[in-house]
Amino acid sequence: MYERLKDYAAHVKDSLFDIKPLHHAIDQIYGAPLTESARDLLNRELRVGVSDEKLVALVLSLHEEDRLCIQKDDVKAREPQIICSLGIKQGG
C-alpha cells in the first residue's frame with residue numbers, strides 16, 4: 001500500500017491532484033504503524049481491488065481524522081522496556 005501511494009503521488013506530481021496532505025499521510029505511514037482499524041479497513045479495500053483514487057481518498061480521510069497511524073507518544077508507550085538486565089544462570 002505504501003508503494004502504491006508513493007507511485008500515485010509521483011504520478012500526480014505538479015498537477016492539480018498533488019496535495020500536501022497526501023505527502024503528509026505517506027510520511028506518517030512510513031514513520032508510524034497503522035492503527036488496527038485503519039489496517040483492517042485498508043486491507044479489506046485492497047482485497048476487493050480499490051482504485052488508486054479511492055485508496056488515496058480513504059487514506060486522506062483517515063489521516064484528517066487522526067485515525068491513520070498510532071501517535072508517536074502511544075508508540076513509545078507500547079515499546080518494550082528493559083526493566084532489569086540481570087541474567088539468569090542455571091545452577092552448576
Top-ranked residue in segment 5-17 [being exposed (fewer than 14 other Cβ atoms within 10 Å of the Cβ) and not aliphatic (A, V, I, L, M); ranked as modelled with the lowest pLDDT]: F17
Contacts under 7 angstrom Cβ, first residue in segment 2-22 being outside any helix (DSSP H, G or I), partner acidic (D, E), 6 or more apart: V12/D18
Residue within segment 46-56 that is surrounded by fewer than 13 Cβ atoms within 10 Å (Cβ to Cβ), at pLDDT 90 or above and of a type in the set (S, T, Y) present: yes
Residues (among the polar types (S, T, N, Q) and under 15 Å from L60 (Cβ atoms)) located in segment 6-34: Q28
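The values are calculated or read from the model by the stated rules, or taken from the named source; none is laboratory data. All values reported here derive from a predicted model rather than from experimental measurement. Cβ coordinates were reconstructed from backbone atoms using ideal geometry, including for glycine residues, and neighbour counts include every protein chain displayed.
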